[in-house]
Amino acid sequence: ELADAILTQGEGLAARVLVNRVWAQIFGRGLVATPSDFGRQGDRPTHPELLEYLAARFVEQGWSMKALIREIVLSETFQQSSYATSARVEVDPDARWLSRFPRRRLDIEPWRD
């Protein structure tokens with residue numbers, strides 16, 4: 001009953017939370033900085049329209065994680081260079097506004113493989 005209630009009555013919230021967590025896994029930081037708190041105490045999304053769009057597409061595609069990941073990694077945002085020009089650093093020093101792909105440390109598992 002709880003799962004049915006979450007997916008029917010709270011469909012939008014559940015989809016946004018899942019999309020945000022997938023985005024955070026790919027980019028190193030979610031569209032909402034507080035992935036466990038989408039309430040009033042949590043942070044506001046940096047790109048609310050993008051979050052809404054991806055959540056709607058996620059539901060349209062039958063909650064397919066594979067389709068969601070494909071859409072994200074085929075986007076221009078994912079395909080950006082991580083090279084930081086002085087103009088980009090001046091406007092967006094920590095890449096919060098997605099002016100470039102954020103640099104991340106490589107975990108030990110992919111490095112070892």
Given (1) at pLDDT 85 or above; (2) exposed (fewer than 14 other Cβ atoms within 10 Å of the Cβ); (3) at negative phi; (4) part of a loop (DSSP other than H, G, I, E, B), where does TYR53 come up short, assuming only one miss?
(4)
Within segment 56-81, work out how many residues are closer than 14 Å to LEU13 by Cβ and either out of contact with any helix residue (DSSP H, G or I) (no Cβ under 8 Å at 6 or more places or on another chain) or not in a loop (DSSP other than H, G, I, E, B) (or both).
3
Where residues in segment 40-50 are of a type outside the set (Lys, Arg) and open to solvent by 60 Å² or more (accessible area, probe 1.4 Å), which of them is modelled with the highest pLDDT?
GLU49
Check segment 22-39 and report whether any residue there is more than 26 Å from ARG105 (Cα to Cα) and either among the aromatic types (Phe, Trp, Tyr) or surrounded by 11 or more Cβ atoms within 10 Å (Cβ to Cβ) (or both).
yes
Taking the residues in segment 56-67 that are in contact (Cβ under 8 Å) with a residue 12 or more places away in the chain and of a type in the set (A, V, I, L, M, F, W, C) as candidates, determine which candidate is least open to solvent (accessible area, probe 1.4 Å).
PHE58
Among the residues of segment 82-98, are any surrounded by 14 or more Cβ atoms within 10 Å (Cβ to Cβ), assigned to a loop (DSSP other than H, G, I, E, B), at pLDDT below 90 and of a type in the set (Ser, Thr, Tyr)?
no
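The values are calculated or read from the model by the stated rules, or taken from the named source; none is laboratory data. Only a predicted model underlies this, so the values are computations on that prediction, with no experimental measurement involved. Please note: Cβ atoms are built from the backbone with ideal geometry, for glycine as well, and neighbour counts cover all protein chains shown. Ligands, DNA and RNA are stripped out before the accessible areas are found, and what is left, the full protein with its side chains, is counted by its heavy atoms. Shrake-Rupley method; radii C 1.70, N 1.55, O 1.52, S 1.80 Å.
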